[in-house]
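Asks: Dropping a structure here in structure tokens format, bear with me for questions.
Derivation of every value follows stated rules applied to the coordinates shown; laboratory data play no part. These numbers were taken from a predicted model, which means no experiment stands behind them. When we count neighbours, we look across all protein chains shown, and the Cβ atoms used for this are built from the backbone with ideal geometry, even at glycine.
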Amino acid sequence: MQHPESPYTPVDIAIVGGGASGVLLAAQLVRKTRLRVALIERDAQPGLGVAYSTRSLGHLLNVRASDMTALADEPDHFVQWLARDRRGYGRTDFVPRAIYGRYLQDLLADAVQRSDGRLQVIRGDVVAVRHEDDGVELDIDGCASLRARKAVLATGHRPPSKDSGAYFGNPWRDDAVSGLAPDASILLIGTSLTMIDVLISLLEHGHKGPIVALSRRGLVPHRHPPAPIPTPEADTSDLFTGSLSRRTARFRARLRAGLGWPGLMQLLRPHNNELWHGLDLDQRKRFLRHLRPWWDIHRHRVAPQIGAQIDAARARGQLSIASGRIEIGPKMDDKVEVTIIRRGSDVRESRSFDRVIDCRGPRNEVDVHVPLHAQLVEDGLLRPDPLNQGFDVAVDEVLIGRDGRPSDRLFVLGPPTRGRYTEIVAIPDIRLQAADIANRLVAALQEPSGLAGSPAA
Ligand SMILES: Cc1cc2nc3c(=O)[nH]c(=O)nc-3n(C[C@H](O)[C@H](O)[C@H](O)COP(=O)(O)OP(=O)(O)OC[C@H]3O[C@@H](n4cnc5c(N)ncnc54)[C@H](O)[C@@H]3O)c2cc1C
């Protein structure tokens, strides 16, 4: 039972996490139903999350505006918002992520207004979600509870590692690139999209010192062509069957035949999850280990302007991209001692950097150091997916518990479902998932219950 002094009105659906995923779902629910919804976000500014809280106008979306609608059934929703916003961005532009954040905040404000009191936005940290009678009870900040019939975990991303002195495990910290001498030496661990974000921030701060970016293979994301390309016509059905090596060989043959990575990626884009589901566990493991880095640099490409900045930084000798591995030394106070072992070599190179920033990208797996995860694991409600990429979920996005049984009240939305849907990081995928979950919730709950104190009651 909800504590009688709880400040919160019981709801039908509680969404834990008010980043892009939570907001997309809240907007869908308000549009589709009269159910009562609470969106609980620990940060002061709901709607932004990790990706859209940047203030830098140099951090651009890596998808053109035309494909960034938040609402699956309104393809031009973002483009129309841009037209009303009058900043001059159009459908083929790569818009700053900070502006997309404003779009998401407007979407949330609109949902609150439309909901006529049915959508509450609560600031707080959900530290537990417990089964209670036929619903759930959420513990917010350890001091208040909220009762709901169903809950959706939209808890998103966590930083790659822990901070320590001059070692920044969280590349999204406000001060990740400040407090540095202009000629300070920087090591960025990772050469993918997070590295590029940090690089752009360093350059915006006028950094002039050397920057080394290192990853196992030293692969850097490609860039989008200056204008959208038409989707090529080709039969790709044989990429969906057979062993991983056969599929890879056929894929390469397509490339050799002139189809090209951008065209092939565009062609496969709507079928990526089907491709993934066609692989068994062992094939998925091998894909993640050996092929994923190549897939990612072609699949998640950067805006042409960003590609030009990377080229310029490399050309003037400020940015060097290396492949290999590193060992971080024990000393991290004002400098970080690092041993670099370059790919294909046994030579151990000792280096010292003024700052090391972990840019290996967001983490989504189960982590018992996160209070909510610890409680859910302890209560047998949460377990890692078989590849430890995120939470184990069933086909209808419900959480699978320790006993292997799908939950009847806990759903998961967004990146923590990446074990099941490997391509679930970008808005075009999340908005479809949000719409699906909203439909399932509406079907499951049909009508608001008569919970006391609700506007519907
Ligand atoms: C740097 C970056 C750039 C990206 N660029 C693009 C792009 O250009 N185009 C594109 O389509 N996609 C892009 N993506 C991918 C995509 O948009 C994100 O994956 C998406 O925003 C995920 O949002 P989310 O809400 O699931 O996660 P998050 O952004 O991590 O938000 C989760 C929210 O939940 C809150 N939260 C977590 N736990 C709790 C709790 N226990 N209690 C209360 N609140 C909690 C957090 O505070 C956070 O605000 C990018 C992603 C990143 C990281």
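Asks: Sorted from largest to smallest, which semi-axis lengths in Å does the alpha carbon gyration tensor of segment 354-416 give for its equivalent ellipsoid, taking the root of 5 times each eigenvalue?
Replies: 26, 13, 9
Asks: Sticking with this one: Relative contact order of the chain, please, whole-number percent, based on alpha carbon pairs below 8 angstrom and at least 6 residues apart.
Replies: Worked out over the chain, it gives 21 percent.
Asks: Right, next: Taking the Cα atoms of segment 237-299 alone, what are Rg (to one decimal) and Dmax (as a whole number) in Å?
Replies: Gyration radius and largest Cα-Cα distance of segment 237-299: 11.1, 31 Å.
Asks: Return a whole-number percent for the relative contact order of segment 326-435, with Cα pairs under 8 Å and 6 or more residues apart as the contact set. Kindly include the intermediate steps, with their values, before the conclusion.
Replies: Working: 167 pairs, mean separation 16.1, N = 110.
Answer for segment 326-435 is 15 percent.
Asks: Test of understanding: ordering LEU48, LEU39 by Cβ neighbours within 10 Å, fewest first, what list do you get? Before the final figure, lay out each step's value.
Replies: Details: LEU48 24, LEU39 28.
Ranked by crowding around the Cβ, least crowded first: LEU48, LEU39.
Asks: At q = 0.06, 0.08, 0.14 Å⁻¹, what base-10 log of I(q)/I(0) does the Debye formula yield for the chain when every alpha carbon is treated as an equal point scatterer in vacuo?
Replies: Each listed q corresponds, in turn, to -0.28, -0.50, -1.46.
Asks: Treating the beta-carbon of each Lys and Arg as +1 and of each Asp and Glu as -1, no other charges, what is the dipole magnitude of segment 237-299 about its Cα centre, to the nearest 20 debye?
Replies: 220 debye
Asks: Mind giving me the FRET efficiency for ASP106 and SER6? R0 is 35 Å, r the Cβ-Cβ distance, nearest 0.05 is fine. Please report the intermediate quantities before stating the final value.
Replies: Details: r = 30 Å, r/R0 = 0.86.
So, using R0 = 35 Å, E works out to roughly 0.70.
Asks: Using the alpha-carbon centroid of each, what span in Å lies between segment 88-151 and segment 209-238?
Replies: Cα centroid to Cα centroid, the span is 33 Å.
Asks: How large is the charge dipole for segment 15-150, taken about the Cα centre, if only the Cβ atoms of Lys, Arg (+1) and Asp, Glu (-1) carry charge, to the nearest 20 debye?
Replies: Details: 20 positive and 18 negative charges, 80 e Å.
Value, rounded to 20: 380 debye.
Asks: Fewest Cβ neighbours within 10 Å first, please rank VAL16, VAL79 accordingly.
Replies: Values: VAL16 27, VAL79 20.
Ascending Cβ contact count within 10 Å gives the list VAL79, VAL16.
Asks: Averaging sequence separations of C-alpha pairs under 8 Å and six or more residues apart, then dividing by the length of segment 237-299, give the relative contact order as a whole percent. Provide the component values of the computation, followed by the final result.
Replies: Values: 26 pairs, mean separation 23.7, N = 63.
Computed over segment 237-299, the figure is 38 percent.
Asks: What's the longest piece of the chain with no exposed GluC sites (Glu not before Pro), counting a site as exposed if DSSP puts it in a loop and it has at most 13 other beta carbons within 10 Å?
Replies: Numbers: sites that count: GLU5, GLU233.
Between the exposed loop sites, the longest stretch runs 6-232.
Asks: What order do you get for THR9, THR231 when you list them from fewest to most C-beta neighbours inside 10 Å?
Replies: Values: THR9 18, THR231 13.
With the sparsest Cβ surroundings first, the list reads THR231, THR9.
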